[in-house]
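Notes to accompany the following structure.
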Amino acid sequence: MRRAMLRQALAASACACAGLASAASTIPFKPEAAEGPSGGQWGWALLVCVAVLAALIVLARHPAVRRLIGAVPLNATVPTQGLQVVDSVRLTPQVRLVTVAFGDQVLLLSVSGQGATLVSSRPADKP
């Protein structure tokens, strides 16, 4: 009889241990597997990002879009027809005075790294 009771006690403790083990594997909020995208999903995400970036670059170079946002074309040149630099004098390493003949006017400009400022203008001499 003692053996039967011992067997029952061992069986009960084995069941209790098995219950604890199964309870430990079903802990709420415990992730069952690693969350997040897999390697293949990362590849697709990277491919989509590169495609979107390429589409934006192509779209930004389209003339209609550039006109819409007011951007200057990449190959824009300053029109120089009728424009002639008559003389130039350096005042400092950063500032120059430039005399420019433009149409029927002679302009005196102060040119620096920040831009150009009109100092004076007069009508051009008639030849």
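The values are calculated or read from the model by the stated rules, or taken from the named source; none is laboratory data. Because the structure is a prediction, the values reported are computed rather than measured. Reconstructed Cβ throughout: ideal geometry from the backbone, glycine too, with neighbour counts over all protein chains shown. Areas reflect the complete protein model, heavy atoms only, side chains present, ligands, DNA and RNA absent. Shrake-Rupley method; radii C 1.70, N 1.55, O 1.52, S 1.80 Å.
Checking Ala51 against (1) within 41 Å of the chain's Cα centre (by Cα); (2) of a type in the set (A, V, I, L, M, F, W, C); (3) modelled with pLDDT under 90: exactly one of these is not met. Which one?
(3)
Which pairs have Cβ atoms under 9 Å, sit 6 or more apart or on different chains, and link a residue in the range 108-124 that is without any contact (Cβ under 8 Å) to a residue 24 or more places away in the chain and of a type in the set (Phe, Trp, Tyr) to one that is open to solvent by less than 80 Å² (accessible area, probe 1.4 Å) and not in a strand (DSSP E or B)?
none
Among the residues of the range 117-126 satisfying the criterion of being open to solvent by 70 Å² or more (accessible area, probe 1.4 Å) and assigned to a strand (DSSP E or B), which is farthest from Gln94 (Cα to Cα)? Show your work before the answer.
Residues of the range 117-126 that are open to solvent by 70 Å² or more (accessible area, probe 1.4 Å), as a first pass: 117-119, 122-123, 125-126.
From what is left, the residues that are assigned to a strand (DSSP E or B) are 117-119, 122-123.
Working: Thr117: 14, Leu118: 16, Val119: 16, Arg122: 25, Pro123: 28 Å.
Top of the filtered list is Pro123.
If a residue has to be surrounded by 12 or more Cβ atoms within 10 Å (Cβ to Cβ) and assigned to a strand (DSSP E or B) to count, how many in the range 86-116 make the cut? Walk me through how you get there before you give the answer.
First pass over the range 86-116, keeping only residues surrounded by 12 or more Cβ atoms within 10 Å (Cβ to Cβ): 86, 88, 95-102, 106-112, 116.
Still in the list and also assigned to a strand (DSSP E or B): 86, 88, 96-102, 106-112, 116.
Number of matching residues: 17.
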